[in-house]
1. May I ask you to list the residues in segment 19-74 that are surrounded by 12 or more Cβ atoms within 10 Å (Cβ to Cβ) and β-branched (V, I, T)?
Amino acid sequence: MNLGRCPRPPGILYLASAPTRIDYADPQTETLHQIISFIGIAIYLFLLFGILALHEAVVSAKDGIEYHFYGFAIVNAFIFGKVILVAENFSFAEWFIERDPSMPYW
């Protein structure tokens, strides 16, 4: 069995091959795009962390433990949202575009 280079199947569109950096004509447009991206990422993460906090509250309520820690979800959403936005600007994912997977995926 050949476990060497893993060829990519033809005809599949890879999202990693799409350009990730957009050059804007003016800084105001770029700033507006960054703010909109941050708000979208933060809302998604807040929903994700909020569902996890809700699950913890439901599980804890079964044992009679009061758990109301939803503020942690919004703080985490803002912090991780900013980290994701910075990582997108540094284009960390572009490093992996031309690399082969370390293990075969079949």
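1. Listed by number, the residues that qualify are T20, I41, I43, I74.
Each row is one residue, and each column tells you yes or no for (1) of a type in the set (D, E, K, R); (2) in a helix (DSSP H, G or I); (3) at pLDDT below 95.
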| site | (1), (2), (3) |
| --- | --- |
| T20 | no, no, yes |
| D23 | yes, no, yes |
| Q28 | no, yes, yes |
| H33 | no, yes, yes |
| S37 | no, yes, yes |
| I51 | no, yes, yes |
| H55 | no, yes, yes |
| V58 | no, yes, yes |
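The values are calculated or read from the model by the stated rules, or taken from the named source; none is laboratory data. Note that the structure is predicted; figures quoted are calculated from it, not measured. Here the Cβ is made from the backbone with ideal geometry for all residues, glycine too, and neighbour counts use every protein chain on show.
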